[in-house]
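The values are calculated or read from the model by the stated rules, or taken from the named source; none is laboratory data. Owing to the predicted nature of the structure, the values given are computational and were not obtained by experimental measurement. All Cβ positions, even for glycine, are placed from backbone atoms using ideal geometry, and neighbour counts span all protein chains on display. Ligands, DNA and RNA are stripped out before the accessible areas are found, and what is left, the full protein with its side chains, is counted by its heavy atoms. Shrake-Rupley method; radii C 1.70, N 1.55, O 1.52, S 1.80 Å.
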Amino acid sequence: MNNITESFLLTTLAGLSTMLGTIFIFLKKREQLIYKSLSFAAGVMITVSLTDLIPEGQNLLSKTFFPIPVVLISMIFFIIGIIITMTLNHYLPESKEKKINHKLYKIGIISMLAIMLHNIPEGIMTFMTSTHNMTLGISLTIAIALHNIPEGISISIPIFYASGNKKKAFLYTFISGISELIGAILAFIFLKDIMNEAMMGMLYSMTAGIMIYISLHELLPTSLQSNYQKKSLLYFLIGVGVMLINHYQ
């Protein structure tokens, strides 16, 4: 394969753009910011799931299966994603912090795990695309970077607001972002021979289930419990709009 070093660099930049979401922990009026950010992240996650993950997952599955099995397999792994998230949510240890802080902390942890699942195959795609077509790889990197920033917000803001620990918010966001490079490394070493389109399609469907569950069961309800409901709904729509514009560019 050609352009190996450049492909690793592009994949790393795409993943670490997630860290730009941590900038928001330094802003003032954090009480409003947390609820706006949760709504914005929910809009981003739902839109990414509906316009990218599910369609792309079904597209990948369709290269192996007929249409009806494609829909069924996609739904099964979507539901598996929901069940995984419910299980994680149930078994995450209780915190001694206030109830709202504990809930936000769990949102941050589950968001990190979901985005890691999303970023690993994304890293594989970015790396494999770049090694074969650098121009297309650069375009893909820019698109991924744009939607990784609000994903970083969905991890760092809840973690920081719940714990008051900037280092922890940075660390968890970094772990999520660097998972994209892990995907590239796996692709370079052996996954290029093992990871097939059907497996990636299943993983995308499962990740969509995780993200939509987080958004509808955790992010939006938590945001709408605040005194900033109208602003929260506005930022949800902004999140949807930003991702739609990015999707159709």
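Can you tell me which residue within the stretch 159-175, out of those that are in a helix (DSSP H, G or I) and modelled with pLDDT under 85, is least open to solvent (accessible area, probe 1.4 Å)?
So in the stretch 159-175, the residues in a helix (DSSP H, G or I) come out as 159-163, 166-175.
Checking which are modelled with pLDDT under 85 leaves us with 161-163.
Values: Tyr161: 72, Ala162: 7, Ser163: 49 Å².
Across the stretch 159-175, the extreme among qualifying residues is Ala162.
Pairs are defined by a Cβ separation below 7 Å, a sequence spacing of at least 6 or placement on different chains, a first member in the stretch 119-137 that is over 17 Å from Ser176 (Cβ atoms), and a second member that is among the charged types (D, E, K, R) and modelled with pLDDT of 75 or more; the pairs so defined are Ser130/Glu6; Met134/Glu6. Close Cβ contacts (under 6 Å, 6 or more residues apart or on different chains) running from residues in the stretch 231-247 that are in contact (Cβ under 8 Å) with a residue 24 or more places away in the chain and closer than 14 Å to Ala41 by Cβ to residues that are open to solvent by 40 Å² or more (accessible area, probe 1.4 Å) and among the aliphatic types (A, V, I, L, M) comprise Ser232/Leu224. Against the list (1) surrounded by fewer than 19 Cβ atoms within 10 Å (Cβ to Cβ); (2) at pLDDT 85 or above; (3) more than 13 Å from Met211 (Cβ to Cβ), the condition Leu50 fails is (3).
For Ile100, indicate whether it is at pLDDT 80 or above and of a type in the set (A, V, I, L, M, F, W, C).
Details: at pLDDT 80 or above: no; of a type in the set (A, V, I, L, M, F, W, C): yes.
For Ile100, the condition - at pLDDT 80 or above and of a type in the set (A, V, I, L, M, F, W, C) - is not met.
In the list Thr51, Thr5, which residue meets the criterion of being part of a helix (DSSP H, G or I) and touching a helix residue (DSSP H, G or I) at 6+ places or on another chain (Cβ under 9 Å)?
Values: Thr5 fails: touching a helix residue (DSSP H, G or I) at 6+ places or on another chain (Cβ under 9 Å).
One residue alone meets the criteria, Thr51.
Here are some residues: Ile194, Ile178, Ile182, Ile245. Which one is surrounded by fewer than 16 Cβ atoms within 10 Å (Cβ to Cβ) and within 29 Å of Ile4 (Cα to Cα)? Break it down into steps so the answer makes sense when it comes.
On the way: Ile178 fails: surrounded by fewer than 16 Cβ atoms within 10 Å (Cβ to Cβ); Ile182 fails: surrounded by fewer than 16 Cβ atoms within 10 Å (Cβ to Cβ); Ile245 fails: within 29 Å of Ile4 (Cα to Cα).
Ile194 is the lone residue from the list that is surrounded by fewer than 16 Cβ atoms within 10 Å (Cβ to Cβ) and within 29 Å of Ile4 (Cα to Cα).
Picking from residues in the stretch 57-70 that are open to solvent by less than 70 Å² (accessible area, probe 1.4 Å) and assigned to a helix (DSSP H, G or I), the one that is nearest to Val242 (Cα to Cα) is Gly57.
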